[in-house]
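Down below is the structure, laid out as structure tokens.
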Amino acid sequence: MNEDSSAKKELAAVKGTKDILPGEVEKWQSLEVLARTTFELYGFRELRAPVFEATELFEKGTGATSDVVTKEMYTFTDKGGRSLTLRPEYTPSVVRAIIEHRLDLEGSPMRYYYMGPMFRYDKPQKGRYRQFHQVDIEVFGEKDAAVDAEIIEMAHALLGKLGVAGTETLVNSVGCRACRPAYSSALREAAAKRKSELCADCQRKAETNPLRIFDCKVEACREVAASFPSIQDFLCQECQDHFRALLACLDVLKIPFRVDPRLVRGLDYYTKTTFEIVSSGLGAQNALLGGGRYDDMMKDFGGPDICGTGFAMGIERVLSIAELVPPQKKTLYLAYLGDEAKKAALELARFFRSYGVECLVEYKDRGMKAHFGRANKLQAAWVLIVGENELKSGHFGLKDMATGRQVDGPREELLALLRES
Ligand code: HAM
């Protein structure tokens, strides 16, 4: 490798991260606008938490036995000797913020949303990155299964606006602290019988938290796990009633779904409802979004006993299949000739921009032909001609680049034309 190419390699984006460049970023912006407006229709408000938190927050919240915590966290010690972690998910941060600011005492609906980067050290592949982005929503203080159905419906509404079709909605209940221990024992027993067929990681999970065997991506473990008992047979009355109520509400909302008793999800905190929306168009990483109920997290953090439910959607995955057409930009290109006209172009651009017209002046002395060539290349919607004669008369030429039609007039008249189109 020569010096030049090794320097280039060192300066490349880190594996598993990527730049979102102009041309692609417009789709991100459209998604963000649609997500924001959709969530606000359901009474959600934005809550922005820091990108890094005390490591303990995720160990306690996301769960000490989850793959995310045991294998995937970006954890570092800062100069003050504190162990910090780049958030691998958002849910524990929201719960911390509620407790810290006592948002539960404000009386407003506790419905929050957020969009931003998350960090997980997993093997990068299509649809799986080390810095990826989530749209996250959380609701607190609503025990009723109707709210679980409402957020699933909200996810469908958003995916519809994003032009994502061909999805499947999977739902399950993972029980609660009353009924899960019996299920865990049954799983432990089933796993012990087939321990030799499991990977080393799952052999360990078989003892620590057998539920996590369902997260394993090794084919042999998946086959073994398929023979394990179903959580549906172990739910207590309360969890059964809650699950039935969820399915009834989904029917009311006409959301097609499939009950998947293996859907335990990879994070430790879930209670009762879990769900995922998957797409066959995505390959191995097929989950567009996932979520569920976590009624114990706030209490476990030492806060009030307030239940929670929510989901997070992976922006990269959704955008890879979304049929989104971002609004077309309409740029006014100012073509000036000479020094005086350059100054006038500066001022004219300020005038038009103050009325919301996007303007571009490139401060390179070009001839008129070169200006038009450049405006064409940039796909400018209009060109404003600012030459010596125009300066004297105060009338400028405005050319519509799509039709080739030119109108001459004072800037106020041209502004009216620009704003009409
Ligand atoms: P999660 O299932 O870990 O849940 O992630 C949610 C979504 O984030 C996934 O369905 C996927 O679309 C996307 N995602 C996850 N990891 C990656 C990755 N490495 N690269 C690209 N996309 C990824 C949670 O994070 C929970 N906090 C969801 C939740 C909110 N549960 C309750 N409230």
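No lab work stands behind these numbers, since they all come straight from the coordinates. For clarity, every value in this text was computed on a predicted model and none was experimentally measured. Reconstructed Cβ throughout: ideal geometry from the backbone, glycine too, with neighbour counts over all protein chains shown.
Some observations on this one:
- Residues LEU158, LEU21, arranged from fewest to most other Cβ atoms within 10 angstrom of their Cβ, appear as LEU21, LEU158.
- With a cut-off of 14 Å between beta carbons, the residues surrounding LEU162 carry a summed charge of 0, where Lys and Arg count +1 and Asp and Glu -1.
- Using alpha-carbon coordinates, inclination of helix 180-193 to the longest axis of the chain, degrees: 80
- Between the helical axis of 91-101 and the longest alpha-carbon principal axis of the chain there is an angle of about 80 degrees.
- Only lysines eight or more places from LYS343 in sequence, or on another chain, were considered; those with a Cα closer than 18 Å are LYS364, LYS392.
- Of the peptides 55-61, 187-193, the ranking by mean beta-carbon count within 10 Å, highest at the top, reads 55-61, 187-193.
- Relative contact order for region 90-176: 22 percent, from Cα pairs under 8 Å spaced at least 6 residues apart, divided by residue count.
- Cross-link partners of LYS27 among lysines (Cα-Cα below 25 Å; sequence separation of 8 or more within a chain): LYS15, LYS18, LYS126, LYS161, LYS329, LYS330, LYS377
- Unit Cα scatterers, Debye sum, region 205-265: log10 I(q)/I(0) for q = 0.22 Å⁻¹: -0.96
- Rel. contact order, % - alpha carbon contacts under 8 angstrom, at least six apart, region 1-145: 25
- For a straight C-alpha distance cut-off of 18 angstrom, the aspartates and glutamates reachable from LYS369 (same-chain residues fewer than eight places away being disregarded) are ASP339, GLU388, GLU390, ASP400.
- Shape class of region 54-192 from the alpha-carbon gyration tensor: rounded, with the ratio a/c of largest to smallest axis under 1.5.
- In a DSSP loop and with at most 15 other Cβ atoms within 10 Å, the trypsin sites (Lys or Arg not before Pro) in region 100-161 are ARG102, LYS126, LYS143.
- Other residues lying with their Cβ under 12 Å from the Cβ of THR38 contribute a combined charge of -1, Lys and Arg counting +1, Asp and Glu -1.
- About the Cα centre, charge dipole magnitude for the chain (Lys/Arg +1, Asp/Glu -1 at Cβ), debye: 920
- Acute angle (nearest 10 degrees) that the helix 368-377 long axis makes with the longest principal axis of the chain, alpha-carbon atoms: 20
- Taking every C-alpha pair closer than 8 Å and separated by at least 6 residues, the mean separation divided by the residue count of the chain gives a relative contact order of 15 percent.
- Calculated from the alpha-carbon coordinates, the chain shows an Rg and a Dmax of 27.8, 93 Å respectively.
- Overall form of region 150-287 per C-alpha gyration tensor (a/c, 1.5; a/b vs b/c): oblate
- Value of [θ]222 nm, deg cm²/dmol, for the chain, DSSP H segments ≥ 4, -39500 (n - 2.57) each, nearest 500: -11500 deg cm²/dmol
- Along its principal axes, region 123-178 has C-alpha extents of 38, 29, 20 angstrom, given from the largest down.
- P(r) tail fraction, region 39-135 - alpha-carbon pairs more than 24 Å apart, %: 28
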